[in-house]
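Taking it in order: structure first as structure tokens, then the write-up.
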Amino acid sequence: MATSPETKKRLVTAALLAPASLWLFVFLVLPFIAIVVFAFGERAPEGGYQPSFTLEQFANLGARAAAFKNTLLLAPVGAFLCLVVAYPVAYYLAVKASPRYRLVLVSLVVVPFWTSLLVRVYAWMYILGARGIPHLLEMIGIENVRLLNTPGAVLLGIVYGYLPLMIMPIYVSLEKLDRRLLEASADLGAKPLSTFFGITLPLSLPGVMTGVALVTILLLGEYLIPQLLGGGKVFFIGNALVDLFLQSRNWPFGSAIAVTLVVVVVFILLIAMRIAWRFAGTRQVDLV
Amino acid sequence: MSKDYKDNLPISASGFMDEFMRLKRGSVSRRHFLGITGLGLATAVMTRFPGALSTPAYAAEDLGTQMSIATWPNYHDPATFENFTAATGVAVEVNVFGSNEEMLAKLQAGASGWSLFVPTNYTISTYQKLGLIDELDMSKVPNFSSTTQNTRFTSEGQIDGKTFAVPKNWGTTGFAVNTDKLKTPLKSWKDFFEIAQTEADGRAMVHDYQLTTIGSALVSLGYGFNSIDAGELAKAEELLIKVKPHLYAINSDYQPSMRSTDAWMTMCWTNDGAQLNRDMPEIAYILGTDGGEIWTDFYAIPKDAPNKAAGYALLNYLMDPTNAVKEHIANGAPATDSRVIELLPKEITSNKIVYPDEASLTPLEFGAAVTLTDPARAELMARFKSA
Amino acid sequence: MTSASTNDIEFRSVTKNYGAVTAVTDINLTVPKGAFLALLGPSGCGKTTCLRMIGGFEQPSEGTVLIDGREMNGIPAYRRPVNMVFQHYALFPHFDVEQNVAYGLKQMRPKLPSAEISRRVAEALEMVRLGGFAKRRIHEMSGGQQQRVALARAIVNRPSVLLLDEPLAALDKKLRSAMQIELQTLQRELGITFVLVTHDQEEALSMADVVCVMSAGRIRQLGSPQEVYDRPADLFVADFVGKTNRIDATLEAGGITLRLRNGSAIPAANRAVASGDAIVAIRPEAIRLTRAATADLASFQGTVTHRIFLGSSAEYAVSVPGLGDFLVTADRRGLADSELVEPGEAVFLGFDPKAAHIFPASSAA
């Protein structure tokens, strides 16, 4: 019996999806299952994991309350700062920039991604360090300014590091925006600012929410920037996880924190999607 | 301002890349930083040609054609392995690690494939307890000479009178001080924590590593480096949390900050202290008169080593002073074997940072296995960092 | 608002360049209050540019646009007393129908009371017969309904001029005819000036009371639909507005006689040229098609090659030796026996020379 075209189509689809599905299963689903299993286990006396079924790790989450609090504060504040800086850039690129230079300008936004974040953050350590800006300030008579290892340096690093991730989705949604809607708004008597808040901003909200969700989620796991530009004096979930897995080798507790973090991320995503749907007036919005 | 500002600006592209590559190689902070950034898991294959061409010089036993070793970044003279391969026909695959914890996890997971590895003193008892290493058959390491070894360093390799590991090199954990910036002479960990809150306010660094940070705080209060006594730990916690707002950073990657003079004072390991002092003579390396850490890295052979014969052959090769001396010249860490020290150039052995007086080593303690894995200390560190 | 002028819109020597490209050249145009003007022309003729200069989306490079007697140069769109129905409507997708219509009212300063806004929105929706649709989302509406929302959104602000940019282009034929009538009615009810941009001559002729035919950035003719159709100013207008047969000819005897290419001569009337080579333009419906010879001053014999049956009338393609193909629209009652002529039949074509227009041959595009 010959296979029907319908079956054939399905087989082809399955064959095309198989590598990605296998990859996701082996490198995402399986590790996650392992982490969930670990989270209900116990720490072995010499560190690592010992099979057991206990809620002890979850009951102990309070011991990292400060890490959760710092992270849940930093992530949205960082994402918001990114947004404030990114929106005008995206707006300029999508609406104001001459189409002739647009591609070049958009590439410039992406180019930093070609080098490792570590190298770029390290560069900031120099710029903010004693021989960078403070040294230049000394030459005009302002002595002993310390920029590195301050909360300001961390926020700067975060905005710097995550800016492209925020710019791109906003740029895409602004570029898709029908210019005639802006003309229609002006035609109906709306001043530029009213047009922006009444039309442009709401219609670019899917992009904004994608950017905010993306940056927030990544910030929830951020480790390098606070460590290098903040001097490791502020403790985030990322730091807690590194310490638990690589130093004290308390895998079950680390797993419990990781599982909790995943739950928080899913929760944030759901909220962000809901907001985007409401504003865009349609469910045809994909986040992340 | 008489100097050109460029003299002090290290932001030249080449300078930056040098610094970054140094960081990446892991010579900055003795391996800790590598582990957490994930840069340390790189595997380098030194030589891999089949041994058919060379005739094994001492082939009493079949050594095979290949073995692998787990060690620390930038810790060996690459020529050592090439020479070993030339002599025996065994190609050596080198795996570098970021932390003892990672090394332990990998060996515990099984099938590591190593026939020799380089654990630090405080992990050896754990490896032995978990049955991951065997007692060494010293008859296969004739180049090892117990009489020329400093017993201060060999003892951590002995458990119940049996030798499980032999020393590679040793070092200390003291602190580095920029004497241009800080005029008060510092002698002890007590001084360190006091000055950190006063003259060096906002300019002192401690490790992001509970063993040394909590250990040094305990020492400054007159307690033992390895204490897990709840009352003593509570006192140390109180001190650390009081000092924290005055700290510049909690970070084991302290060389860049010391070099840029952002930080004026830091907890410091021997090799870093020597490097900082070599490049910036105003930075002094000080061992606390009230105590501190001393450490040794050992060679050991995993129980499940796939090529034990080659592992022993390489170990024996490395115990030959003429081979070992090249290793010490390459990595800069002090040697434990007097035969090696005799072969070292004078400018190395006369460096008081690398080879301090015996007397200054007396108050120092080896880190203990229980200290490293104690959950109470881990939680204390987390509270300190999140305070 | 007291009017400063009897004209709602005035173009004074307006030229618009985009870089090196000139979109419109030296446009002079006045639109009296309450007129329904159609800017008609092929795409790229500059009609949309003119509309956008009235709306304030483009500024003239030279010259002045006046609305209600006031110069508008430099005044942005949001300060102009005009509203536009955009091509494809440009409705705000994130608002429902009511919010779309209320948008303009909400921009007014001082602010209008919300009761006033609701009342006027409801009124405007009634006017476009969308009474029950206030809470609908835009993507739930059909094309015709969206078109009405756009209309309501524009008229609710009571502009002195309503601009319509190809408003019916996206509708199907039947809906288009219905909307044509509705737009005319609406214009009469509101009593405000409408400016319509279209490339569809039928739309322009059926709705507007003034038609402005444009081509290549210039105005070719301005007049009532009847004037433009019956007395085209040039060959372009004759061609673009309605269908036209073109006959090559030469003016002879001081311009009194036209010599056609088949050798026949007819009297010349409606001359736009004195002598030399000329083109005779004659509407298809001005030609009589008969089976027997006619007494017309211009009469030729030919053969029907194609027929398109249109119900009350029929279009024939007739090949005349020496003159080429003619398009003839024949009213069925015009034929003596009211029988359709079959392709292949020999027929006679005749027309009154007074119904033809003679243009210089050099104006042929």
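Find how many whole Å separate the alpha carbon centroid of region B:150-219 from the alpha carbon centroid of region A:157-192. Taking the Cα centre of each part, region A:157-192 and region B:150-219 sit 55 Å apart. Hydrodynamic radius of chain C by the Kirkwood approach over all distinct alpha-carbon pairs: 23.1 Å. Annotation: amide H of residue C:84 within the under-5 Å range of C:163, sequence separation 5 or more or interchain, hydrogens built in the peptide plane. Taking every DSSP helix (H) stretch of at least 4 residues in the protein assembly as shown, weighting each as -39,500 (n - 2.57) and dividing the sum by the residue count yields a mean residue ellipticity at 222 nm of -12500 deg cm²/dmol. Excluding same-chain residues fewer than 8 positions from residue B:326, which lysines have a Cα within less than 26 Å of its Cα? Partners within reach: B:24, B:140, B:168, B:308, B:346, B:352. Other residues whose C-beta falls under 12 angstrom from the C-beta of residue C:141 contribute a net charge of +2, scoring Lys and Arg +1 and Asp and Glu -1. Computed about the Cα centre, the dipole magnitude for the protein assembly as shown is approximately 2520 debye when only Lys and Arg (+1) and Asp and Glu (-1) carry charge, each at its Cβ. Each 10 Å bin from 0 upward holds the following percent of the Cα-Cα pairs of the protein assembly as shown: 2, 8, 13, 14, 12, 10, 9, 8, 7, 7, 5, 3, 1, 0, 0. Working from label points 7 Å from Cα in the Cα-to-Cβ sense, the residue A:25 to residue B:145 distance is 6.2 nm. Entry note, region A:103-207: relative contact order of 22 percent, from Cα contacts under 8 Å with a spacing of 6+ residues. When each full DSSP H helix of chain A is screened for a Cα extent of at least 24 Å along its own axis and an average Kyte-Doolittle hydropathy of at least -0.5, the helices passing are A:5-24, A:65-91, A:151-176, A:201-220, A:251-280. Within the shell defined by Cβ-Cβ distances under 12 Å, the residues around residue C:57 carry a net charge of +1, with Lys and Arg each +1 and Asp and Glu each -1.
In this label model, residue A:143 and residue C:70 are separated by 6.4 nm, measuring between points 7 Å along each Cα→Cβ vector. Here region B:300-372 and region C:1-47 have alpha carbon centers that stand 93 Å from each other.
Computed over chain A, the range of Cα coordinates on each principal axis works out to 87, 72, 32 Å, biggest value leading. Annotation: amide H-H contacts under 5 Å for residue C:214 (H modelled 1.01 Å from N, sequence separation of 5 or more, or interchain): C:40, C:41, C:220.
Simple point charges give the picture: +1 on the Cβ of Lys and Arg, -1 on the Cβ of Asp and Glu, and for region C:7-238 a dipole about the Cα centre of about 740 debye.
Please give the Cα centre distance for region A:1-68 versus region B:248-267, rounded to the nearest Å. Each part reduced to its Cα centre gives a spacing of 40 Å. Each of B:197, B:159, B:243 was scored by the projection of its Cα onto the charge dipole of region B:121-246, and the greatest displacement toward the positive side belongs to B:197; charges sit on the C-beta of Lys, Arg, Asp and Glu. Each residue, residue C:21 and residue C:111, gets one label point 7 Å from its Cα in the Cβ direction; the gap between the two is 4.4 nm. Compared with the dominant principal axis of the Cα atoms in chain C, helix C:114-127 is inclined by about 20°. Compared with the dominant principal axis of the Cα atoms in chain C, helix C:143-155 is inclined by about 60°.
For residue B:223, the shell of other residues with beta-carbons less than 13 Å away shows a net charge of -3, using +1 for Lys and Arg and -1 for Asp and Glu.
For region C:205-211, backbone phi angles converted through the Karplus equation (6.51, -1.76, 1.60; θ = phi - 60°) give residue-by-residue couplings of 5, 6, 9, 7, 9, 10, 10 Hz, Gly and Pro being listed as x.
Quick one: of B:183/B:235; B:106/B:385; A:96/A:176; A:233/B:183, which pairs are farther than 18 Å apart, Cα to Cα? Too far apart for the 18 Å limit: B:183/B:235; B:106/B:385; A:233/B:183. Among beta bridges identified by DSSP and lying wholly in region C:7-238, the antiparallel ones come to about 55 percent.
On full extension, the segment bounded by residue A:110 and residue A:263 gains 52.0 nm, given 0.36 nm per residue less the C-alpha separation.
When only the Cβ of Lys, Arg, Asp and Glu is charged (+1, +1, -1, -1), the dipole of region B:139-275 relative to its Cα centre reaches about 420 debye. Around the amide H of residue A:49, modelled in the peptide plane, lie the amide H atoms of A:44, all under 5 Å away and 5 or more residues distant in sequence or on another chain. Against the longest alpha carbon principal axis of chain C, how many degrees, from 0 to 90 and to the nearest 10, is the axis of helix C:97-106 turned? Here the helix axis deviates by roughly 70 degrees. Any idea what the relative contact order of chain C is, in percent, if you count C-alpha pairs under 8 Å spaced at least 6 apart? For chain C, the relative contact order is 15 percent.
Readers should treat all values here as calculations from the given coordinates under stated rules, not as data from a laboratory. None of the values given here were measured: they were computed from a predicted structure. All Cβ positions, glycine included, derive from the backbone under ideal geometry; neighbour counts span all protein chains shown.
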